[in-house]
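The values are calculated or read from the model by the stated rules, or taken from the named source; none is laboratory data. These figures come from a predicted structure and were not determined experimentally. Here the Cβ is made from the backbone with ideal geometry for all residues, glycine too, and neighbour counts use every protein chain on show. What goes into the accessible areas is simple: the full protein's heavy atoms, side chains included, and nothing from ligands, DNA or RNA. Shrake-Rupley method; radii C 1.70, N 1.55, O 1.52, S 1.80 Å.
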Amino acid sequence: MRKSFKYFLIILLIAIILAMAFLFRSTASKTVDTKADEPVVDVVLVGGGIMSATLGTFISELEPNWKIEMFERLDQVAQESSNGLNNAGTGHSGFMEMNYTSEKDGKMDISKAVKTASQFEVTKQFWAYQVKNGVLGTPSSFINPVPHIAFVWGDNVNFLEKRYAAMIQNPMFSGMKYSADVAEIKQWAPLVMQGRDPQQKVAATRMEIGSDVNYGAITTQLVGHLEKQSQFKLNTSTEVTGISPNQDKTWTVSYKNLKTGQASHVKTRFVFIGAGGAAIKLLQMTGLEETKQYAGFPIGGVFLMTDNPKVTEQHSVKVYGRAELGAPPMSVPHIDTRYIDGKKYVLFGPFATYSNKFLKNGSQFDLIDATNKNNVIPMAKIGTENLDLVKYLISQVSMSKQDQFEELKKYYPEANIEDWTANQAGQRVQIIKKAPGKEATLQFGTEIFVAKDRSITALLGASPGASTSPYIMLSLLEKAFPQQVAGTWNPKLHEIIKSYQKDLSTDPVLLDQVRQYTSSTLGLKYTPTRQAANDAQANIAVAK
């Protein structure tokens, strides 16, 4: 017995030593010997998703002579979170996302919804400009008009009514309709109402200007146009293996071709890491002090999907409900119309899943590889402080297909389980970050990282992400290139984004003009403010 205990202590001691050695290992890339006369590219984009494609397009239009290289570890761009089947395709505008509003002391706080709506207006202007200039193709290939509906029942009806009363006061939500009438809601979303208990108290809001977006199509088209430029180079099936500083204030990005095994490197003045969940691991390679504050918590998602015409023909809207207590924002239940590569689907979910992977096509060792002495304690702290989230994830992971189907029936009472298949969506990595006065905080939004010298940048986090990518990349440009944005780039930015540096939420006239321009260009449904007012007056006259 004593001998066994002795061996146990030895094994335990060895395990502790190995764990400490692992945690205290260096995560920074080794310095690469480079030659003084090596060519230097202006920009390196790591990751072939919507963010890198958008930033590359901005820079190509602002500085046509800059040399840009993009690296993607898969054999095509837009195969991770940007892919059409790896996300819900929502053009997030705050219209129906009830987690973007909160009630405090009897008052409804809609500031996040206003912010998100304003950001998506920037997005639509960017896309409209690209359509006008032949960068993006036919709008219906990547965006389609799909009304956005917030739907509740029971005790949540009062919340939605208060939310509507607050939102309708802001120009961003002009045209929003509210109804607690079963017959009217059934006209809006027949799939949701058919077979529902007629005695159930329900309510909904509707915004006609909503949209469904294929972010994978946008990414592919943007990168396809960049490839036509002589100053741009795309490297697929190529994994970035190191990012190290040089004495001349440039960076060396090391990489390996995953098909041939050939390793090489490139020198660059500026790096953007837009590699989704893998951004944290890549940031650690830089060795920058300011990157040590970050860790990541991966959350996956599964959607139930159907392409049965009998179902899809009855549903041409996106319907969002309210999240359960403790659920992360990405887990808000919704039943959506999707258009992917010309085909119509109906999607419901998401159901949270857990994996150590930081990417859908990543490794189960991703979480462990990103753990070190700087973030292990904050990660443990977050786990103990967010027990509601832990319990929620456990309950979600343990759900059977029948359990998931029962959740679907809350939004589609007459659903047939045989029509639906499960589709694994992309991975999201929520940010764990040190905060003043706290060991760590768990963040669910997106965060722009810019190094002190502005030469290394990255995008971290999740929703609303892709839908506000032009706004996010514009904000990154402002932080990384403040002099150019304020100077030589400013006229071009105003040409691309007509409302640039203006607050649309306080300027209803400009907002109306912008929405008329983007809606007509992108094929979205929008009733101009003056016409809407005239229609409302006509309806009142008829009612009298």
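Worth pointing out:
- Normalised by the number of residues in the chain, the mean separation of alpha-carbon contacts (under 8 Å, six or more apart) gives a relative contact order of 21 percent.
- Positive minus negative residues near residue 307 (Lys, Arg vs Asp, Glu; Cβ under 10 Å): +2
- Nearby lysines by direct alpha-carbon distance to residue 502 (threshold 24 angstrom, same-chain neighbours under 8 apart not counted): 112, 115, 124, 132, 479, 492, 525
- Computed from backbone phi with θ = phi - 60° and the Karplus coefficients 6.51, -1.76 and 1.60, the 3J(HN,Hα) list for the stretch 418-427 is 5, 7, 10, 10, 8, 10, 6, 8, x, 7 Hz; x is used for glycine and proline.
- Square roots of five times the Cα gyration tensor eigenvalues for the stretch 13-131, Å: 37, 29, 15
- Note on exposure: 503, 33, 336, 109 ranked by accessible area (1.4 Å probe, complete protein assembly) read 33, 503, 109, 336, with the most exposed listed first.
- The aspartates and glutamates within cross-link reach of residue 201, meaning a Cα-to-Cα straight distance under 15 Å and a gap of 8 or more places when in the same chain, are 155, 161, 181, 184.
- Protection-proxy order for peptides 144-150, 476-482, each taking the mean of Cβ atoms within 10 Å per residue, highest first: 144-150, 476-482
- To the nearest 10, the accessible area of residue 492 is 60 Å² with a 1.4 Å probe.
- q = 0.06, 0.10, 0.11 Å⁻¹, the chain: log10 I(q)/I(0) [Debye, one scatterer per Cα]: -0.31, -0.86, -1.03
- Residue by residue, the stretch 176-188 carries 3J(HN,Hα) couplings of 5, 10, 10, 8, 10, 8, 4, 5, 5, 4, 5, 5, 5 Hz when phi is fed to the Karplus relation 6.51 cos²θ - 1.76 cosθ + 1.60 (θ = phi - 60°); x denotes Gly or Pro.
- Using a probe of 1.4 Å on the protein chains alone, the accessible area found for residue 485 is around 10 Å².
- Look at where the Cα atoms of the stretch 467-487 and of the stretch 255-286 average out, and the two centres are 22 Å apart.
- C-alpha center-to-center spacing [the stretch 402-463, the stretch 498-517] in angstrom: 30 Å
- With both labels modelled 7 Å from their Cα along Cα-to-Cβ, the residue 104 to residue 502 distance reads 3.1 nm.
- Lysine pair count for the stretch 234-347 (Cα-Cα distance under 17 Å; residues 8 or more apart in sequence or on different chains): 8.
- Fraction of accessible area attributable to carbon and sulfur, the chain (%, probe 1.4 Å): 52 percent
- For the stretch 204-343, the relative contact order comes to 16 percent (Cα pairs under 8 Å, sequence separation of at least 6).
- For the stretch 1-131: relative contact order, % (alpha-carbon pairs under 8 angstrom, 6 or more apart): 16 percent
- Surface exposure of the chain, expressed per residue as accessible area with a 1.4 Å probe, stands at 46 Å².
- Scattering curve values for the stretch 196-334, log₁₀ I(q)/I(0), Debye with Cα scatterers, q = 0.20 Å⁻¹: -1.39
- Under the convention that each Lys and Arg Cβ holds +1 and each Asp and Glu Cβ holds -1, the size of the dipole of the chain around its Cα centre is about 940 debye.
- Solvent-accessible area of residue 397, all protein chains in place: 90 Å² (probe radius 1.4 Å, heavy atoms, ligands and nucleic acids excluded).
- Inter-part distance where the stretch 5-31 and the stretch 181-250 are each reduced to a Cα centre, Å: 43 Å
- Projecting the Cα positions of 380, 405, 392 onto the charge dipole of the stretch 357-425 (unit charges on Cβ atoms of Lys, Arg, Asp and Glu, taken about the Cα centre) puts 380 furthest along the positive direction.
- Scalar couplings 3J(HN,Hα) for the stretch 108-114, obtained by applying the Karplus form with A = 6.51, B = -1.76, C = 1.60 to θ = phi - 60°, are 8, 9, 10, 4, 5, 5, 4 Hz; x denotes Gly and Pro.
- For GluC sites (Glu not before Pro), the sites in the stretch 390-477 that DSSP calls loop and that have at most 13 other Cβ atoms within 10 Å are 414.
- Diffusion coefficient, µm² s⁻¹, Stokes-Einstein with Kirkwood Rh over alpha-carbon pairs of the stretch 373-417 at 4 °C and 1.567 mPa s: 100 µm²/s
- Bridge type composition, the chain - antiparallel percent by DSSP, nearest 5: 75 percent
- Partners of residue 35 within straight-line reach, counting aspartates and glutamates whose Cα lies under 12 Å from its Cα and excluding those fewer than 8 residues away in the same chain: 248.
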